[in-house]
Amino acid sequence: MQKCTVALYGCGTVGMGVAQALLARGALNERIGDRVHLKYVVDVRLEEIRGVLQPPEGLVLTDDLAQPLDDPEVDAVVELFGGTTAARTVVERALAAGKDVVTANKALLAEHGDELFRLARAHGRAIAFEGSVAGGIPVIAAIRTGLVGDRIESIYGIVNGTCNYVLTRMLEQEMPYARALAEAQERGYAEADPRLDIEGSDSAHKLVVLARLAFGVNVRLDQIPCEGIAGVELSDLRYARALGYTLKLLVIGIRRGERLELRVHPALLRHDHPVAGVGGAHNAVCIHGSHVGEIVLTGLGAGRMPTSSAVISDIARIALGTYRTDFAALSPFGDVPDAHLVPFGEVETRHYFRLDCADRPGVLAKVANILGEENISIASVRQQEAAAPGEDVVPVVFMTHRAKEGAVARALDRINQLDVVRGERTRMLRVEDI
């Protein structure tokens, strides 16, 4: 039985889970036998890691990046550093040295995936990356092999557990945004600096990865319109709930003829949509294939054990010798065309608007006139009660029929200039019927 000798770079939250699982020789050994041998753990926190792992004889802990790469016994490098600097160096040098790579680094793949895939093929190696999207949910494997005979028409869903946790707590516990985010940080669902998650960048990275697999195109990160959840207010979640909707931060990829819509933003889904009920730190990915129809994959999208599970599954495929054959043959890992995207201004969805208006006659007519001039049709209008008795400002919620983003942006700019509209701006959320 041929062994696969592994060097693990990065022993943080996920890396520690991977190291412990490989050293425990549990479920992985039961499934594939004693094929995987962890020889190196590379990190700068050597004493801390030594105290946790209690490394057995033969396991080398080192902070030397080059040592495992120069070792001819190492067959596979597992990159869990994160970031795009040292991680890129390790991956490039590993491939050049004839070693396969396993990574969970969505930022690295989103920014440099095209060139790294080319490099891997040039050296007859493979890059496996199940852990880069949706934690322990095997969405990469589902698209890569499970749906290899299907034309993917759309892929969308929740791929950031931090944002999903915050939105869930806001709605279920009537929490303001700042408090829900602080709780997420206390529970380890959000980083001390949560901007990568809450601004939508993490989700955009993952959409770049998914788009290449699902649609066979190369996408630049700066081509994806991206909005996060920082501007979401509790009152809008309440009003939306009364209208039958739940707010989620979605990644969306849809074929439109020969073009693609790719975008990341908060969106309202009807309560009975399968993704609407996915709460807490869970993720959900919906894939619509030409033959299979729509399938929904759900589960924990982050954390030590779910992501470790995905990384270990990739290590197993490398050890079994099956992944490299697939990588060499499947077209998404080769030369792919650049994406032909629908300009965001041409994207059509329904919309939710919430205006804080002066409580006087003629206000709704002024707003309706602007919407009509921009060819935006109103589906419904609800005037809410004033926040306190005697106030002359009332919230008004508009729901529209489908309208183009460009027209909506122009309309909102004009509405915000009306002297009867109070507050900083009109609140807008998109409504998705996918």
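Any read-out appearing in this document is the output of simple, stated calculations on the displayed coordinates, not a laboratory observation. As the structure is a computational prediction, the values presented were derived from the model and not from experiment. Backbone-built Cβ (ideal geometry, glycine too); neighbour counts: all protein chains shown.
Residue separation of R238 and N416 scaled by 0.36 nm, minus their Cα-Cα distance, works out to 61.8 nm of gained length. Calculated FRET efficiency, E346 to E57, Cβ-Cβ distance, R0 = 51 Å: about 0.20 to the nearest 0.05. Farthest toward the positive end of the dipole of the chain, out of H271, Y40, A96, is the Cα of H271, where the dipole comes from beta carbon charges about the Cα centre. With the Kirkwood sum run over all distinct C-alpha pairs, region 66-129 has a hydrodynamic radius of 11.4 Å.
Using just the alpha carbons, could you tell me how many Å³ per residue the convex hull of region 1-72 encloses?
On the way: hull volume 6.3 nm³, N = 72.
In region 1-72, the Cα hull volume divided by residue count equals 87 Å³.
Its Cα centre serving as origin, region 124-175 has a Cβ charge dipole (Lys and Arg +1, Asp and Glu -1) of approximately 280 debye. Ranked by the mean number of other Cβ atoms within 10 Å of their residues, highest first, the peptides 211-219, 271-279 come out as 211-219, 271-279. Here the chain yields Rg over Rh of 1.04, to two decimals, using C-alpha coordinates and the Kirkwood radius.
Using the average count of surrounding beta-carbon atoms within 10 Å as a protection proxy, the listed peptides 301-307, 393-399, 61-67 rank, highest first, as 301-307, 393-399, 61-67.
Helix 106-122 and the longest principal axis of the C-alpha atoms of the chain enclose an angle of approximately 40°. Taking 0.36 nm per residue of sequence separation and removing the Cα-Cα distance, the I434/V336 pair yields an extension gain of 32.6 nm.
With +1 on the Cβ of every Lys and Arg and -1 on the Cβ of every Asp and Glu, and nothing else charged, how large is the dipole of region 175-258 about its Cα centre, in debye rounded to the nearest 20? All intermediate terms of the calculation are to be shown ahead of the outcome.
Working: 11 positive and 12 negative charges, 86 e Å.
That gives region 175-258 a dipole magnitude of about 420 debye.
Spherically averaged projected area of the convex hull of Cα atoms, region 239-295: 4.9 nm². What is the log10 of I(q)/I(0) for region 199-249, computed with the Debye formula using one identical point scatterer on each Cα and no solvent, at q = 0.29 Å⁻¹? With one equal scatterer per Cα and no solvent, log10 I(q)/I(0) is -1.04.
Quick one: what do you get for region 265-342 if you divide its Cα Rg by 2.2 N^0.38 Å?
Values: Rg = 16.9 Å, N = 78, 2.2 N^0.38 = 11.5 Å.
Here the Cα radius of gyration is 1.47 times the empirical estimate.
Computed packing ranks the peptides 159-166, 333-340 as 159-166, 333-340, most packed first, by mean other Cβ atoms within 10 Å. Would you work out which of G231, T325, V208 lies farthest towards the positive end of the dipole of region 207-359, given +1 charges on the beta-carbon of Lys and Arg and -1 on that of Asp and Glu, about the Cα centre? Value computed over the given set: T325. Helix 405-415 and the longest principal axis of the C-alpha atoms of the chain enclose an angle of approximately 40°.
The angle between the Cα long axis of helix 161-173 and the main principal axis of the chain comes to about 40°, on a 0 to 90 degree scale. Taken about its Cα centre, the chain carries a charge dipole of about 780 debye when Lys and Arg each add +1 at the Cβ and Asp and Glu each add -1 at the Cβ.
Want the number for L46 to R382: 0.36 nm per residue separation, take away the alpha-carbon distance, what's left? Provide the component values of the computation, followed by the final result.
On the way: separation 336, 0.36 × 336 = 120.96 nm, distance 6.06 nm.
Result for the pair: 114.9 nm of gain on full extension.
For region 345-431, the C-alpha radius of gyration sits at 1.04 times the compact-globule guess of 2.2 N^0.38 Å, with N the residue count. Using equal-weight Cα scatterers in the Debye expression, the normalised intensity of region 139-301 in log10 at q = 0.10, 0.11 Å⁻¹ is -0.36, -0.43.
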